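Please treat every number below as a calculation from the coordinates, not as lab data. This structure is a prediction, so every number in the text was calculated from the model and none was measured.
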């Protein structure tokens, strides 16, 4: 294999690859239908031209046949007048026009066959164009659907492997952490409230016990309960101070 052949093969391969990448099914289908319609226009023009030629040949044939008939009538008239030479000349003219008419009649038959074939081809092309338009719309819809699916899949692939999904997952983790902190704060606040309520209950119990103690002391030792602070024994004051100190330390 020569070097030139190898280079040419590489060039063709690259060109084919480039064409394959830039081919748009929708545009190619649209252009194919336009090309077929252009061919249909040219075929219609050919049919119209063939019909016009046939009509012109038919008129020429009719005119030649009419002229031949006229010379035949003249030959009859010359023969009736006894002029055979003139009748012979008229028949010679008639023969020339008659041959022309016969040749044109053969041409008309050929042209009629050509026109019939052209009309059939035109009808076939029109049918193919109608079918191509239907298929074109179908293929374009399928191509658009396939292209959209490809774009979605590519997008999902980028989301699955890119930083956007990672950031989303981080924010999801952060939201979960914030919700957990909020729940913890709510639980702590509830505990504090319960402690305060419990403390109120304990205070009521202490007050009630204190009131009962006062009543008991007043009823058991009236003189001791009514002693002024200056007459309280020193040892009692010392015990009170010790009690205050213990309560404060606790």
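Per-residue extension of 0.36 nm, minus the Cα-Cα distance of residue 205 and residue 181, leaves a gain of 5.0 nm for this segment. Ellipsoid semi-axes for the stretch 3-148, based on the Cα gyration tensor and the rule √(5λ), read 64, 20, 8 Å when sorted largest first.
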